[in-house]
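Structure first, commentary second.
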Amino acid sequence: MKLIIDISERDYENISRIVDMGLGTNVDEAIKNGILLPKGHGRLIDADALEGHRQIQIVPCGNGKYTDITVYYQNDIDVAPTIIEADKESEDKGCI
């Protein structure tokens with residue numbers, strides 16, 4: 001099972017130290033070995049939900065060969081189901 005939790009950086013560091021000392025529980029080890037989301041990450045979506053919306057294009061590679069790439073329309077990405085909302089730090093970055 002995969003579970004997303006929100007804990008403070010201090011708690012995470014304390015749990016990591018406990019595990020490193022060999023005193024952690026299975027839950028402590030799962031927390032320490034979890035995937036940290038970077039600060040300021042964008043909205044995480046279910047990309048599989050885009051499958052019916054993709055458009056395949058054949059693009060020249062420059063060496064006389066061609067490759068397939070998958071292109072998604074921005075609107076399809078915008079309406080894809082959100083798994084995790086964007087980190088607040090990333091929401092105020094403005095246009096690129």
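So, of the residues in the range 75-94 that are among the small types (Gly, Ala, Ser) and surrounded by 10 or more Cβ atoms within 10 Å (Cβ to Cβ), which turns out to be modelled with the lowest pLDDT?
SER90
I'd like the full set of residues that are touching a helix residue (DSSP H, G or I) at 6+ places or on another chain (Cβ under 9 Å) and not polar (S, T, N, Q), limited to the range 3-16.
Matches in the range 3-16: LEU3, ILE5, ILE7, ASP11, TYR12, ILE15.
Restricting to the range 1-35, what's the tally of residues that are part of a loop (DSSP other than H, G, I, E, B), without any contact (Cβ under 8 Å) to a residue 24 or more places away in the chain and surrounded by fewer than 10 Cβ atoms within 10 Å (Cβ to Cβ)?
Summing the residues that are part of a loop (DSSP other than H, G, I, E, B), without any contact (Cβ under 8 Å) to a residue 24 or more places away in the chain and surrounded by fewer than 10 Cβ atoms within 10 Å (Cβ to Cβ) in the range 1-35 gives 10.
Is there any pair with a first residue in the range 63-78 that is of a type in the set (Ser, Thr, Tyr) and a second that is surrounded by fewer than 10 Cβ atoms within 10 Å (Cβ to Cβ) whose Cβ atoms are under 8 Å apart and which are 6 or more apart or on different chains, and what are they?
Between residues of the range 63-78 that are of a type in the set (Ser, Thr, Tyr) and residues that are surrounded by fewer than 10 Cβ atoms within 10 Å (Cβ to Cβ), the close pairs are TYR66/ILE58; TYR66/PRO60; THR67/ILE58; THR67/CYS61; THR70/ILE56.
The values are calculated or read from the model by the stated rules, or taken from the named source; none is laboratory data. Quick caveat: nothing in here was measured; it's all calculated off a predicted structure. Quick reminder, even Gly has a Cβ in these numbers, built from the backbone with ideal geometry, and neighbours come from all protein chains shown.
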